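Structure record follows, encoded as structure tokens.
Just so it is clear, none of the values below were taken in a lab; they were calculated from the coordinates. No experiment lies behind these values; they were computed from the predicted model shown. When we count neighbours, we look across all protein chains shown, and the Cβ atoms used for this are built from the backbone with ideal geometry, even at glycine.
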Amino acid sequence: MTDTADQLVLIYAQRGSGAYFGEAVTMTQHGLQAAYFAEQHGAPESLVLASLLHDIGHLIEPAPDDLEDWQQDARHELSGSRWLAARFGPEVSEPVRLHVPAKRYLCATDPGYFGQLSAASVTTLALQGGPMSAAETTAFEAEAYWREAVLLRQFDDQGKISGLNTPPFEHYRALIERFARRTRPVRAVLFDLDGTLINTEVHTDATVTAVAARYGVNGYSLPHFETHGRTWAHVAETMLAQTNIRISAATLAADLLAYWNEAVRAVQPIPGAPQAMRAAAASGLQLAVVSSSPRSVIDYFVAQLGVADCVSAQARIGGDAVQVGKPAPEAFLLAARMLGVEPAEALVFEDSRAGLQAAQAAGMRSMFITCCAAEIPDNTAIATSTCTDYRALPPRFWEQIRVGIIDLQHKAYT
């Protein structure tokens, strides 16, 4: 049994008994009839489910009970498809999103269709924009699920028969459970900084070698898992444990940070990073930058990238804001609290093993940015998905993860 099935049974039990606007059936009867006609037609199971739930937008958002009180279209197809996309794949949510445009499409392309509409459907058609223009029909036919939407529209139009005997809502529980998603939509995106937004990791390695040489330790280096995604305090403590440098960890960490700051002043962004952050923010996602570097470094580079307006001050979490740095989850969990989201609703972009381990420990999904990364095969196994750089992300990626259309598990964008 899934939460989604229980939610739907409850929604239709509580609100589905109301009259379907201007028709001789209730909302629940209308959905059941549409699903019944879809099954009779031999439609795929996903389309049967979409037919059953196509008007859920009317049940989850308030709308006037009397059709005569409608002053504008309720856009229930959009609210309904967003709700469904958080719980099902696009094969269910997308025909629902398109079922109102499908009515306008059929009015424009099928000469006999308008005459078959009920009086209530004619009324709502005017509010929905009337028949499509030629340009709109072309755009509609470019949609991936337009044919399924046209079929759904036809089942929708049929499902208005008073007294028709159909299976009950419980008949579809197993179908709902089979198609229900087990992942949640993304509400917040947490970006690491070094190696994820800016190309600095080569400077990190060079910094260790150069500063060690200042103290008489020539040719010194550390493995990537000791530097990438780590605080300078951690790097300094590791260096002191392995060498005969005799200064405090705080002094060595300050020297490392000062050298690194000077080296990275003209650093380049990871390809597509600023554009990706702007697109994510424009899609309604909340953003944070979570780095092992200090807050001052985050502020500098967020400004350099031109995205300071996309990341609020409280959502810039530096290594100096936490007691324990990556791979501990503290910084990511703090960012989630600052943004008011659950860890499962956050997607972390990272390039380091420590960062990916921190995301995993926080209960967050992760995207491994590989263009500047080391230990790629091993780190891929930790990440939810991988991406060469931000240019490889597909169109509408940010919008789709926000509503849960994309299942990120094992996705690889190259």
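Taking the DSSP beta bridges with both ends in the chain, the antiparallel portion is around 10 percent.
Amide H contacts under 5 Å for Thr26: Tyr20, restricted to partners 5 or more places along the chain or on a different chain, H placed in the peptide plane at 1.01 Å from N.
Considering only Gly42, Ser283, Ala85, the residue lying farthest towards the positive end of the dipole of the chain is Ser283, judged by Cα position with unit charges set on Cβ.
The modelled label-to-label distance between Arg184 and Asp320, using points 7 Å beyond Cα along the C-beta direction, is 3.2 nm. Measure nothing but the geometry: give the 0 to 90° angle between the long axis through the Cα atoms of 295-304 and the longest principal axis through the Cα atoms of the chain, rounded to 10°. Relative to the chain, helix 295-304 is tipped by roughly 60 degrees. Can you list the lysines whose alpha carbon sits under 29 Å from that of Lys411, skipping same-chain ones fewer than 8 residues off? Counting by Cα, and skipping residues close in sequence, Lys411 has these lysines nearby: Lys326. Cα-based values for the range 201-263, radius of gyration first and Dmax second, are 10.1, 26 Å. According to the Cα-based calculation, Rg over Rh for the range 3-179 is 0.93, with Rh computed by the Kirkwood formula. What number, rounded to the nearest 500 deg cm²/dmol, is the helix-based mean residue ellipticity at 222 nm of the chain, given -39500 (n - 2.57) per DSSP H run of at least four residues and division by all its residues? Calculated from helices alone, the mean residue ellipticity at 222 nm is -14500 deg cm²/dmol. Residue farthest toward the positive end of the dipole of the range 201-263, with Cβ of Lys/Arg at +1 and Asp/Glu at -1: which of Ala213, Ala233, Ala263? Value: Ala213.
Can you figure out the FRET efficiency of Glu170 with Glu262, using R₀ = 45 Å and their beta-carbon distance, to the nearest 0.05? Using R0 = 45 Å, I get an efficiency of 0.10.
Principal-axis analysis of the Cα atoms of the chain puts helix 232-242 at an angle of about 40° to the longest axis. Charging the Cβ of each Asp and Glu at -1 and of each Lys and Arg at +1, and nothing else, the dipole of the chain about its Cα centre rounds to 720 debye. Note on Ala361/Leu240: beta-carbon distance plugged into 1/(1 + (r/R0)^6) with R0 of 22 Å gives a FRET efficiency of 0.25. Over all distinct Cα-Cα pairs of the range 109-203, the Kirkwood formula returns a hydrodynamic radius of 18.9 Å.
When the alpha carbon gyration tensor of the chain is reduced to an equivalent ellipsoid, its three semi-axes come out at 54, 20, 17 angstrom, largest first.
Extension gain, Ser221 to Glu141: 0.36 nm times the residue separation minus the Cα-Cα distance gives 23.0 nm. Placing pseudo-labels 7 Å out from each Cα toward the beta carbon at Thr251 and Ala381 gives an inter-label distance of 4.2 nm. Remark: the Val122-Arg15 segment gains 36.1 nm on full extension, using 0.36 nm per residue and subtracting the alpha carbon distance. Between helix 146-158 and the chain, what is the angle of the helix's C-alpha long axis to the longest principal axis, kept within 0 to 90° and rounded to the nearest 10? Around 40 degrees separate the two axes. Taking the chain as a Gaussian network of alpha-carbon nodes connected by springs under 10 Å, the highest mean-square fluctuation of the residues Leu152, Leu257, Leu287 belongs to Leu257.
Would you list, by chain and number, the lysines whose Cα falls below 16 Å from the Cα of Lys103, excluding same-chain residues fewer than 8 positions away? Answer for Lys103, where 16 Å is the Cα cut-off: Lys160, listed by chain and number.
A straight chain from Gln275 to Val202 at 0.36 nm per residue would run longer than the Cα-Cα distance by 24.0 nm. Reducing the range 266-298 and the range 362-414 to their Cα centroids gives an inter-centroid distance of 15 Å.
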